[in-house]
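Asks: Please see the structure below; I have some questions.
The values are calculated or read from the model by the stated rules, or taken from the named source; none is laboratory data. Quick caveat, the model's predicted, so the values are computed rather than measured. Here Cβ is always computed from backbone atoms with ideal geometry, including for glycine, and neighbour counts include all displayed protein chains. For accessibility, only protein heavy atoms count, side chains too; no ligands or nucleic acids. Shrake-Rupley method; radii C 1.70, N 1.55, O 1.52, S 1.80 Å.
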Amino acid sequence: LDQAGATVLTGLTGNVAIPRQSGAGTAYWVAESGAPSESQQTIDQVSLTPKTVAAFTDYSRRLMLQSSLDVENMIRTDLATVLALKIDLSGLYGTGSNSEPLGLKLTTGVGTEDFSADAPTFAEVVAMESDLATANALMGSPVYLMNAAMRGNLKTTKKDAGSGIFLMEGTEVNGYTGVLSNQVASGDLWFGNFADLIIGYFSSLDLMVDPYTHSTSGTVRVVAMQDVDIAVRHPESFVRGNNTL
């Protein structure tokens, strides 16, 4: 999601409320010397509340003795990676329950485009762009986000019968950058201005080495934890395409 352009906030403390305008004022035609009626913008808030993602692993004393690898560094890197992947996945598909952030798929207001087959047609890809434009949300630097299978579909599906041009040429789809991530579910194609997806970090990656829990066997436990939340600032900035909607 960072590669797609998500807004990342670090060093947050306490619950965070980000104001946003959800409704505009009203303009009026008035006669000479007339005055318009008062109107107010509607303001609400996007809230970020720390949620903890964690993982741990145990490694044996013998592994430390016999391995040619830097075991500690390998384990730290692996735990950091699995936490990052979990946060990334929740940004797209988080349920909003059981201490998990709410992701894009289940956020009210995110658009959908029903494909007729596994591989979308050019018209369906363009329809995703049109969905954002209709919602006045086609701004910033929107991208198409897909997994490897969808990228293969786009690279082998022609725009039309005679041009010899495919839906994805180089790194672009319909004139926009295509970003690859196997975090994207099978059959999904996302399009949106990912700057409107906020990932807020309330802590850095916390690593704790615990040599005591299994000290009698010489086993060492490494625990990784991070506090984070995810929020969508403007749901209309996103649309998900799939043929099983």
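Asks: Each label point is 7 Å from the Cα along the Cα-to-Cβ direction; what then is the distance between the points at Glu38 and Thr81, in nm?
Replies: Distance between the two pseudo-spin positions: 6.0 nm.
Asks: Now a separate question. If you take the square roots of the eigenvalues of the alpha-carbon gyration tensor of segment 159-245 and sort them as a ≥ b ≥ c, do you get rounded (a/c under 1.5), prolate (a/b over b/c) or oblate?
Replies: Details: a/c = 3.60, a/b = 2.30, b/c = 1.57.
Prolate.
Asks: Shifting gears a bit: Nearest 10 degrees is fine. How inclined is helix 71-93 to the longest principal axis of the chain, computing both from alpha carbons?
Replies: Long axis of 71-93 versus the principal axis of the chain: about 30 degrees.
Asks: Around Asp210, which amide H atoms from residues at least 5 apart in sequence, or from another chain, sit under 5 Å from its own amide H, with H modelled in the peptide plane?
Replies: Amide H neighbours of Asp210, under 5 Å, 5+ apart: Arg221, Val222, Val223.
Asks: Separate question: For the chain, set up a GNM with springs between Cα atoms under 10 Å and report which of Thr213, Thr13, Thr107 has the largest fluctuation.
Replies: The residue with the greatest mean-square fluctuation here is Thr213.
Asks: For Met64, what accessible area in Å² do you get when you roll a 1.4 Å probe over the heavy atoms of the protein chains, rounding to the nearest 10?
Replies: About 100 Å², rounded to the nearest 10.
Asks: Per DSSP H run of n ≥ 4, the term is -39500 (n - 2.57); total these for the chain, divide by its residue number, and report the mean residue ellipticity at 222 nm rounded to 500 deg cm²/dmol. Each step should come with its number before you reach the end.
Replies: Details: 4 runs with 51 residues, N = 245.
Calculated from helices alone, the mean residue ellipticity at 222 nm is -6500 deg cm²/dmol.
Asks: Please report the net charge: other residues with Cβ closer than 10 Å to the Cβ of Tyr144, K and R +1, D and E -1.
Replies: Values: positive: Arg151; negative: Glu129, Glu172.
Net charge around Tyr144: -1.
Asks: Could you give the nm distance between label points at Ala54 and Ser217, where each point is 7 Å from its Cα heading toward the beta carbon?
Replies: 2.0
Asks: State which stretch of the chain is the longest one without any exposed GluC sites (Glu not before Pro), exposure meaning a DSSP loop state and at most 16 other Cβ atoms within 10 Å. Before the final figure, lay out the partial values.
Replies: Values: sites that count: Glu32, Glu38.
The longest such stretch corresponds to 39-245.
Asks: Mind checking the per residue accessible area of the chain for me, 1.4 Å probe, whole number of Å²? Display every interim value, and only then the final one.
Replies: Working: 13520 Å² over 245 residues.
Value returned for the chain: 55 Å² of accessible area per residue.
Asks: Out of residues 5 or more away from Val179 or on other chains, whose amide H comes under 5 Å of its own, with H placed 1.01 Å from N in the peptide plane?
Replies: It is Tyr144, Leu145, Met146, by chain and number.
Asks: Follow-up question, since we're still on this one. Go through segment 23-79 and name the chymotrypsin sites (Phe, Trp or Tyr not before Pro) that are in a DSSP coil and have 15 or fewer other Cβ atoms within 10 Å of their Cβ. Mind dumping the intermediate values first?
Replies: On the way: sites: Tyr28, Trp29, Phe56, Tyr59; in loops: Tyr28, Trp29.
Loop-located and lightly packed - Tyr28, Trp29.
Asks: Out of the total accessible area of segment 1-152 (probe 1.4 Å, heavy atoms of protein only), what percent is carbon and sulfur?
Replies: Details: 4730 of 9340 Å².
Ligands and nucleic acids excluded, carbon and sulfur reach 51 percent.
Asks: Read phi for every residue in segment 133-139 and hand back ³J(HN,Hα) as whole Hz from Karplus 6.51 cos²θ - 1.76 cosθ + 1.60, θ = phi - 60°, with x for Gly and Pro.
Replies: 3J(HN,Hα) across segment 133-139, in whole Hz: 5, 4, 8, 6, 10, 7, 8.
Asks: Tabulate in residue order the Karplus-calculated ³J(HN,Hα) for segment 183-190, using 6.51 cos²θ - 1.76 cosθ + 1.60 with θ = phi - 60°, rounded to whole Hz; enter x for Gly and Pro.
Replies: Karplus-based 3J(HN,Hα) across segment 183-190 equals 6, 5, 5, 4, x, 7, 10, 9 Hz.
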